[in-house]
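Every read-out reported here was derived from the displayed coordinates using simple, explicitly stated rules and does not represent laboratory data. If you're wondering where the values come from, they're calculated on a predicted model, not measured in any experiment. Because the Cβ atoms are built from the backbone with ideal geometry, glycine has one as well, and the counts that use them run over all protein chains shown.
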Amino acid sequence: MQNYKYVLDEKDLPTHWYNVVADMGPPPPPIHPATGQPVGPEALAPLFPQALIAQEVSAERWVPIPDEVREVYRLWRPTPLYRAWRLERALGTPARIYYKYEGVSPAGSHKPNTAVAQAYYNKAEGVRRLTTETGAGQWGSALAMACAFFGLELKVYMVKVSYHQKPYRRVLMETWGARVVPSPSPDTQAGRRVLEQDPESPGSLGIAISEAVEDAASRDDTKYSLGSVLNHVLLHQTVMGLEALRQMEMAGDYPDVVIGCVGGGSNYGGLCLPFVGERLRAGRKTRFVAVEPEACPSLTRGQYTYDFGDTAETTPLLKMHTLGHSFIPPSIHAGGLRYHGMAPIISKLVADGVMEARAYHQTKVFEAAVQFARAEGIVPAPESAHAVRAAIDEALAAREAGEARVILFNLSGHGLLDLAAYDQFLSGKLEDYAYPEEKVREALAGLPRVGS
């Protein structure tokens, strides 16, 4: 009898994270906006503990996972891999569709994979308090849980539109002990400047990052924690892809295409990078598809250049695909994908032709999410639904070609706290939004004139 669920034993929990930099080479280094010169680890010391800075610049292929982190991981890891046979049947496709399901974590997404690690390293170095930003609330809730486990205080700057769209994520964070404020807020200079210019600003991840960074830099007992984009974040997330490699072996299959949604790049990087390593080292022919919203199209319509990671221009410049740090995305429901930039590792892989990118309107995304839910039973988060859309399109293309391709995607979170968005879609009130080209040009005009 065909098996449709592949579950690893607790003893199979990875003991090391995989660092793709060892195989792809490092992305271009962060640079100082005034000098144009690469910044050293000391520039990151006010914000991050030394252990995370070392991981950020590491070129070691395998990085040990501390026992204390693995102990927490065991609450939900290893996560299951499913064969979506009911969806395959509904689509009438010869493709074999698999998905790695991260919605089984206590916080309901993949985000605890790095939240737990970051909380652990901060605690180990004597940090008492963390600050962070969050879009849809998946990252904020994961870090709130991790801080509760390690006895840290946490303040979360939640993008204002999501703060109001997703009130139960705020409640979740507060249940775990975090203090949550809508961003832009009056609590920081960065927030006050935005509110002076636009009292009704919906906020953005770039603004929320500015607030969280400013807060952390103003206190000796506080560090900043980032849920995506940076190398060490993608590193921690590779537990997903390492498990998936083992599970695909259990299934007797290997993916022809690996798919994931991208905002900053952490969930997709976590799944795909171990497979990217197999392609780079062993010549596998796997395709990699990063999926983003048409309303925030950094990979498909942005520039690959140096830019600030935040709106207030407080961070070093990162070379990444960007829409410009002044970009304010529209209020789509996939709040976790509303970021102006992209992880330098993901950006380099796209620039080098190892990875491809595509963008979808949100109505097409929710159409796929509902189709998936009715076939497989799981209601995807709006962010994860972008990966579902691409997986369905790949399966339909396989049907047209009469090709039994193997599709793997990351179902990085459940949508049980996103039902207001589903209500809008089901009632016909959800609208598409493609960011106007002139607005993209306007935001890109403000790029720093440093680097290339």
*If the convex hull of the alpha-carbon atoms of the range 6-75 is projected onto planes in all directions, what is the mean projected area in square nanometres?*
6.8 nm²
*Please give the helix 362-376 orientation as an angle from the longest Cα principal axis of the chain, in degrees from 0 to 90, rounded to the nearest 10.*
50 degrees
*Evaluated at 4 °C with a viscosity of 1.567 mPa s, what Stokes-Einstein diffusion coefficient in µm²/s does the chain have when Rh comes from the Kirkwood expression over alpha-carbon pairs?*
60 µm²/s
*Could you state the number of Å between the C-alpha centres of the range 232-306 and the range 134-158?*
25 Å
*With a 10 Å radius around each residue's Cβ, average the other Cβ atoms per peptide and rank 227-234, 129-136, highest first.*
129-136, 227-234
*Would you order His414, His110 from fewest to most other beta-carbon atoms within 10 Å of each residue's own beta-carbon?*
His414, His110
*Leaving out same-chain residues fewer than 8 places away, which lysines sit with a Cα under 23 Å from that of Lys155?*
Lys111, Lys123, Lys166, Lys223
_Candidates per trypsin sites (Lys or Arg not before Pro) in the range 257-295, loop by DSSP, up to 12 other Cβ within 10 Å_ = Lys285
*Once both labels are modelled 7 Å past Cα along the beta-carbon direction, what's the Leu426-Glu71 spacing in nm?*
4.3 nm
*Which value at 222 nm does the chain reach when only helices count, each DSSP H run of 4 or more adding -39,500 (n - 2.57), with the total divided by all residues and rounded to the nearest 500 deg cm²/dmol?*
-12000 deg cm²/dmol
